[in-house]
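**Q** Below is a structure I'd like to ask you about.
The values are calculated or read from the model by the stated rules, or taken from the named source; none is laboratory data. Computed from a predicted structure; not experimentally measured. All Cβ positions, glycine included, derive from the backbone under ideal geometry; neighbour counts span all protein chains shown. Only protein heavy atoms, including side chains, enter the accessible area calculation; ligands, DNA and RNA are left aside. Shrake-Rupley method; radii C 1.70, N 1.55, O 1.52, S 1.80 Å.
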Amino acid sequence: MPLEAGLLEILACPACHAPLEEQDTELICTGQDCGLAYPIRDGIPVLLVDEARRPA
């Protein structure tokens with residue numbers, strides 16, 4: 001379930017404050033040195049650094 005466009009525009013990575021990009025069931029940080037992937041559960045972004053997946 002895609003997020004609303006307006007919501008995605010105001011969300012930012014909690015770790016580095018870079019914009020987020022939706023990809024499948026995650027929000028990926030666009031920050032060059034960060035790259036954390038935050039899960040989207042039941043249509044709700046979980047923007048907790050402890051819940052984020054580290055880049056591969």
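**Q** Hey, with R₀ at 30 Å, roughly what FRET efficiency would V49 and A5 work out to, going by the Cβ-Cβ distance, to 0.05?
**A** On the way: r = 25 Å, r/R0 = 0.83.
Calculated value: 0.75.
**Q** What number comes out for accessible area per residue over the chain if the probe is 1.4 Å? Units Å², please. If you can, show how the numbers build up before the last one.
**A** Details: 3960 Å² over 56 residues.
On a per-residue basis, 71 Å².
**Q** Which of (1) 28, 23, 14; (2) 43, 28, 15; (3) 27, 19, 16 is the computed Cα extents along the principal axes in Å for the structure on display?
**A** Only one option fits the structure, namely (3).
**Q** Separate question: Over the chain, what is the mean sequence separation of C-alpha contacts under 8 Å (at least six apart), divided by residue count, expressed as relative contact order in percent?
**A** Dividing the mean separation by the residue count of the chain yields 25 percent.
**Q** Also, quick follow-up: I need the GluC sites (Glu not before Pro) found in the chain, filtered to DSSP loop residues with at most 16 other beta carbons within 10 Å of theirs. Let's see the in-between values first.
**A** Numbers: sites: E4, E9, E21, E22, E26, E51; in loops: E4.
Filter output for the chain: E4.
**Q** To the nearest 20 debye, what charge dipole does the chain have about its Cα centre, counting +1 at the Cβ of each Lys and Arg and -1 at the Cβ of each Asp and Glu? Walk me through the intermediate numbers first.
**A** Details: 3 positive and 10 negative charges, 33 e Å.
With Lys and Arg at +1 and Asp and Glu at -1, about 160 debye.
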